[in-house]
Every structure is written in structure tokens, then in C-alpha cells.
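First the structure, in the form of C-alpha cells, and then the observations on it.
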Amino acid sequence: MIIFLFRDNNGNKKNSGLTTESKINENIAETVDDIENLTDDGGSYLKISSLAILILAVFTLISMTIPPFNVLHVWYFAIIPFIAFVPGYYIINTLVTRKDDLLVVERMSIAVFSSLVIMSIIGLIIVQINGKLNMRYVSIILVILSVILILVYLIKIRKVPNNERFYHRRTNIVLLIFAIIAILAVVGSGIYATTENLGQGNTTFVVNGINKTADSNGYVNFTDGENVSVQLNVTNQEHKNMNYTVRVEVHNDTTNKTLTEQPVSLNNGQSWVLPYNLTMSPGQKDIQFVLYKNNKPYVIRHLYCNVTSDYSESA
């Protein structure tokens, strides 16, 4: 409706009683635009900006998936045009290739609106499949979709004469400049992460649920048969996908026993929680929560227990 009103008002303005000077200025402006279009060789900026967006798409995928470029998360910046403009812009220009079929403001409005709708639809699909919204997955799909749309568009416009193709010089220049800045930012982030040794990641391993305070000897007092519920939380911050093993072990003067062993595979930035229940039996023991990385103990959390009476659990 807004586009319709804009077009209607624009048409009324052109047909209203303009002064001779206004008509001359309007004709001069239109002539300048025509000259720019002719000197642009049918859209050389369009082809260059499209190529730049394709290259930006490659670098954006690199910044999301490959260390050390993914350490500083520069893709949050590089993904902006793919979220808010690029897919819709190339869809509308593929469907309506000729410059006189739509006004520039109409194309830009449709481009922004349809791009946001596409992002929302992809997000909803991922929520249904994955159970939660993951913007990394949404962004990867948007970038790949944009690449496909750009290639289809470049194939489609080959059938349209140069002087009839739509292209907007300022838009293409803005896209080109943004692509250059984003590509330099991605490359710079990789160089910075390497030189500052930021590529060395880590894994966090936290045990929650022990709400008692240890005594002066470092032991936590429990009673026979008491149930203790803990949560083992692992978060991968290694800047790459990792395979771990989580083990719960009990050690005392007479026993060294593994209570449970759980393999865990996590993507970069992903967390995993394992609820685990212990039923205490008498005696002093060291219950160890061990995280293995690369088949070697990486983090060991100790729970030193002093349990009075009988211990009926496997701990």
C-alpha cells in the first residue's frame, strides 16, 4: 500500500502544474541519469558488486567455521547484508529485470522486506528441526541461498539488453564498499587471532548441585543413603568441533571404581549437561568427575566425602 501511494503521488507530482524551471531541472536530472547508465556499460558496477558479494559470502562462511577466522566472530558484521538485503534484492531483480518495470524505492522496499521474511522462515524451520534458534545455522543457509540467487540472477540478465537492465549505481557501490570492508575485517581478525595467540581455545567443565560446605579437612559430610543430584556441564570453546569423554569415578582406600562413562561430541560454542544421581554409603572417599579431551584427563573435579553409616549406591 505504501509503494502504491508513493507511486501514485509521484505520478501526480509529475502531472501537476510544474514551473518551466522545475521541468527543465527534472529533465536535466533524468538526462544525467541516462548518461550515467550509458557510461556504466549496462551495469559494470552491478557485475563487480555481485562478484564482491560472492567473494564476501565465501569469506563469511570461512569466518563462521574455520579457525582462526572464527575466533573473534566477525561474521556478526559480515552477515548483515545477507540478513537484511541481498536475498530479496537479487530475487526481485531476477523476477523483474527491466529497469522501467519498478521504481528504485519499490525494489529497495521489497528487497529489505522479503529478505527479513526469508530469514524468519529459515529461523522457524530450524526451530522446528533443532528445538531452538541457532543464528549460525540461519546465517549459513542465508549465505548459501544468496550465492545461488546471485548466480541465477547473473544467468538471467544475460538475456536482457544492457540498456534495459535494472541497476542502481549507488546501491552497487555501497554493496561493493561493504564487501571490501567486511572481507578485510575477516582477514584482519584471522591475522590478529594468530599473532595474539587467540586461537588457543579451552573447554569449561563445571559440576553443579553440591550445596554443602566442606569442613576444615576439605571433606563434605553426608549421611548413609543420602541422595545427591549433580549436573555436569561441558562447554566447547575450542573454536572447532570436539569429542570428549566424561567419567564419574570413586576412589577410597580399598576401591577404585568407574561409576559411569559418557562420550560427548560438541560443536564449537555448544554446551552439554548430564544430570547424575549419587546415593551415599559410609566411609571416606574421593568422588572424581573427570573430563577427557583427546583421550587424556583434561579437568578433574573432586568431591571429598565423609559419609556416616551404610553406603548402598555404586559410589
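The values are calculated or read from the model by the stated rules, or taken from the named source; none is laboratory data. Fair warning: this is a prediction, and the values are worked out from it, not measured in the lab. When we count neighbours, we look across all protein chains shown, and the Cβ atoms used for this are built from the backbone with ideal geometry, even at glycine. All accessible areas refer to the heavy atoms of the entire protein, side chains included, with ligands and DNA or RNA removed. Shrake-Rupley method; radii C 1.70, N 1.55, O 1.52, S 1.80 Å.
Matching residues to (1) of a type outside the set (A, V, I, L, M, F, W, C); (2) modelled with pLDDT of 90 or more; (3) in a loop (DSSP other than H, G, I, E, B); (4) open to solvent by 50 Å² or more (accessible area, probe 1.4 Å):
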{"site": "262", "(1), (2), (3), (4)": "yes, yes, no, yes"}
{"site": "272", "(1), (2), (3), (4)": "no, yes, no, yes"}
{"site": "286", "(1), (2), (3), (4)": "yes, yes, no, no"}
{"site": "291", "(1), (2), (3), (4)": "no, yes, no, no"}
{"site": "300", "(1), (2), (3), (4)": "no, yes, no, yes"}
{"site": "303", "(1), (2), (3), (4)": "no, yes, no, no"}
{"site": "310", "(1), (2), (3), (4)": "yes, no, yes, yes"}
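Does any residue in region 122-142 that is without any contact (Cβ under 8 Å) to a residue 12 or more places away in the chain come within less than 8 Å, Cβ to Cβ, of a residue that is of a type in the set (A, V, I, L, M) and open to solvent by 70 Å² or more (accessible area, probe 1.4 Å) six or more places away or on a different chain, and which pairs are these?
From residues that are without any contact (Cβ under 8 Å) to a residue 12 or more places away in the chain, the pairs are 127/133.
Kindly provide the set of residues from region 83-130 that are open to solvent by less than 50 Å² (accessible area, probe 1.4 Å) and among the aromatic types (Phe, Trp, Tyr), ordered by number.
Of everything in region 83-130, those that are open to solvent by less than 50 Å² (accessible area, probe 1.4 Å) and among the aromatic types (Phe, Trp, Tyr) turn out to be 85, 89, 90.
Inside region 40-62, can you point out the residues that are modelled with pLDDT under 90 and either within 30 Å of residue 201 (Cβ to Cβ) or of a type in the set (D, E, K, R) (or both)?
40, 41, 47 - these are the residues of region 40-62 that are modelled with pLDDT under 90 and either within 30 Å of residue 201 (Cβ to Cβ) or of a type in the set (D, E, K, R) (or both).
Considering only residues that are within 26 Å of the chain's Cα centre (by Cα), part of a strand (DSSP E or B) and surrounded by 17 or more Cβ atoms within 10 Å (Cβ to Cβ), which ones fall in region 229-252?
234, 236, 242, 244
In region 89-99, which residues are more than 13 Å from residue 175 (Cβ to Cβ), of a type outside the set (S, T, N, Q) and either free of Cβ contacts under 8 Å to residues at least 60 places away in the same chain or not in a loop (DSSP other than H, G, I, E, B) (or both)?
91, 92, 95, 98
Determine if region 208-220 includes at least one residue that is within 18 Å of residue 65 (Cβ to Cβ) and open to solvent by 60 Å² or more (accessible area, probe 1.4 Å).
no
Return the residues of region 274-284 that are open to solvent by less than 40 Å² (accessible area, probe 1.4 Å) and either of a type in the set (Val, Ile, Thr) or not in a strand (DSSP E or B) (or both); say none if nothing qualifies.
279, 280, 281
Out of (1) closer than 28 Å to residue 238 by Cβ; (2) of a type outside the set (Ser, Thr, Tyr); (3) open to solvent by less than 60 Å² (accessible area, probe 1.4 Å); (4) assigned to a loop (DSSP other than H, G, I, E, B), what's the single condition that is false for residue 133?
All conditions pass for residue 133, except number (3).
Out of the residues in region 176-200 that are free of Cβ contacts under 8 Å to residues at least 40 places away in the same chain and in a loop (DSSP other than H, G, I, E, B), which is nearest to the chain's Cα centre (by Cα)?
Of everything passing the filter in region 176-200, 200 is nearest to the chain's Cα centre (by Cα).
If you check residue 167 against the conditions, is it touching a residue at least 60 places away in the same chain (Cβ under 8 Å) and part of a loop (DSSP other than H, G, I, E, B)?
Judged against the criteria, residue 167 is a match.
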